[in-house]
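Taking it in order: structure first as structure tokens, then the write-up.
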């Protein structure tokens, strides 16, 4: 990876797709996860064409193993200014949507219909 001069008032995000492709983008500390998704969508890299999505809302950021809510800012995450931080960018279209059985299991305290145990899907 190339080394770059990062302004001390910006945060450099290295975004990694599931495919392993990476790109770096500069953001302000006040930018939210929603702002980042919109910017990445608008400046979608040409070499990511195979993973393109229909709208910015289909992009989700993962930082330290957690999906970021669209309103959380980089400042709120305590990211260092003038440095590079790595996040994963997930295409929401590829994430499974909960079905009615999932909702029923939640209302039944996590009981699985296939057995009497509580199941956890990771």
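Can you tell me the order of 9-16, 66-73 when each peptide is scored by its average per-residue count of other Cβ atoms within 10 angstrom, highest first? Walk me through the numbers before you get to the answer.
Numbers: 9-16: 17.9, 66-73: 14.5.
Per-residue Cβ counts within 10 Å, averaged per peptide and sorted highest first, yield 9-16, 66-73.
Dividing the mean sequence gap of close Cα pairs (under 8 Å, 6+ apart) by how many residues segment 11-94 holds gives a relative contact order of 44 percent.
Extension gain for the segment residue 84 to residue 24, taken as residue separation times 0.36 nm less the Cα-Cα distance, is 20.7 nm to one decimal.
Highest-first packing order for the peptide set 54-63, 29-38 is 29-38, 54-63, based on the mean count of other beta carbon atoms within 10 Å.
Provide the packing ranking of 42-50, 76-84, i.e. peptides ordered by the mean count of other C-beta atoms within 10 Å per residue, highest first.
On the way: 42-50: 10.7, 76-84: 13.4.
Descending mean neighbour count gives 76-84, 42-50.
Set the Cα radius of gyration of segment 11-94 against 2.2 N^0.38 Å, with N its number of residues, and you get 0.99. Distance distribution note for segment 40-81: the fraction of Cα pairs above 13 angstrom is 64%.
Coordinate-derived values only; no laboratory data. Small disclaimer: the values here were computed from a predicted structure and weren't measured. With ideal geometry, Cβ positions are generated from the backbone for all residues, glycine too; neighbour counts draw on all protein chains shown.
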